[in-house]
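The values are calculated or read from the model by the stated rules, or taken from the named source; none is laboratory data. Only a predicted model underlies this, so the values are computations on that prediction, with no experimental measurement involved. We place every Cβ from the backbone using ideal geometry, glycine too, and count neighbours over all the protein chains shown. Note: accessible area is taken over every heavy atom of the protein model, side chains too, but ligands, DNA and RNA are not part of it. Shrake-Rupley method; radii C 1.70, N 1.55, O 1.52, S 1.80 Å.
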Amino acid sequence: MKEVVEVNFVCLGNICRSPLAHGVFQNLVTRAGLDNKILVSSAGTSSWHTGDPPDNRMRLTAQNKGIQLKNRARQFQSKDFDRFDLVLAMDRSNLSELRELAPKSISEDQLMLFRTFDPKSNGDLDVPDPYYGGERGFETVFQIVERTCPPLLKYIKSHFLNAL
Ligand code: 4NP
């Protein structure tokens, strides 16, 4: 069990899906009074958007639901596995990129697919990449993230913090 848990959400660009998961999950953690126990961040497997704010379409979708996205894109580094207790890949392609970067010593519960926790995944484990699509794709991403974050928080509390 841990005193503090560090969680990192990872997608390809770190401007759409992982910033949304970062913002929605942070909001949940804050409302649960766990800001000093669960540290939340996000990253991308690519460096394409390093330093950029979240995509405007994702930012506006989140803002309409009362969530402010404030991160700047950062590329995930191999050494990040030393720091993060739980790395959550937004799709299977992100997961395989992360596996390439992961040291052999990584523990089984350190790298997981975000949608493992989606109560309505129906076996679909990818958060669809909305970047080249229309507005509806961003709404779909929001709905997946919104319903997946509460079970994820429950898992982190029981698995890492020994809290209810
Ligand atoms: P994300 O979406 O991985 O959810 O941040 C994308 C952002 C940018 C690109 C692809 C996906 N891109 O090709 O630049």
Exercise. Counting only residues that are part of a loop (DSSP other than H, G, I, E, B) and polar (S, T, N, Q), which one in the stretch 65-96 is farthest from the ligand (Cβ to nearest atom)?
Worked result: SER78
Exercise. Within the stretch 5-12, is there a residue that is more than 12 Å from the ligand (Cβ to nearest atom) and over 26 Å from GLN143 (Cβ atoms)?
Worked result: yes
For this session: Quick one: LEU86 ticks every box in (1) surrounded by fewer than 17 Cβ atoms within 10 Å (Cβ to Cβ); (2) over 24 Å from ASP52 (Cβ atoms) except a single one, so which number is it?
Result: (1)
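Among ARG115, ARG136, ARG99, which is charged (D, E, K, R), free of Cβ contacts under 8 Å to residues at least 12 places away in the same chain and either within 13 Å of the ligand (Cβ to nearest atom) or not in a loop (DSSP other than H, G, I, E, B) (or both)?
Working: ARG115 fails: free of Cβ contacts under 8 Å to residues at least 12 places away in the same chain; ARG99 fails: free of Cβ contacts under 8 Å to residues at least 12 places away in the same chain.
Step by step, each of ARG115, ARG136, ARG99 is checked, and only ARG136 is charged (D, E, K, R), free of Cβ contacts under 8 Å to residues at least 12 places away in the same chain and either within 13 Å of the ligand (Cβ to nearest atom) or not in a loop (DSSP other than H, G, I, E, B) (or both).
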Seminar exercise, completed: Among residues of the stretch 36-58 being touching a helix residue (DSSP H, G or I) at 6+ places or on another chain (Cβ under 8 Å) and more than 11 Å from the ligand (Cβ to nearest atom), the residue farthest from LYS104 (Cα to Cα) is PRO53
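Pick from ILE38, ILE67: which is β-branched (Val, Ile, Thr) and touching a Gly at 6+ places or on another chain (Cβ under 6 Å)? It would help to see each step written out before you state the result.
Details: ILE38 fails: touching a Gly at 6+ places or on another chain (Cβ under 6 Å).
Only one candidate qualifies: ILE67.
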For this session: Kindly list the number of the only condition in (1) closer than 11 Å to ALA43 by Cβ; (2) within 13 Å of the chain's Cα centre (by Cα) that fails for ARG72.
Result: (2)
Seminar exercise, completed: Across the stretch 1-33, the tally of residues that are open to solvent by 30 Å² or more (accessible area, probe 1.4 Å), within 21 Å of ALA163 (Cα to Cα) and not in a helix (DSSP H, G or I) stands at 7
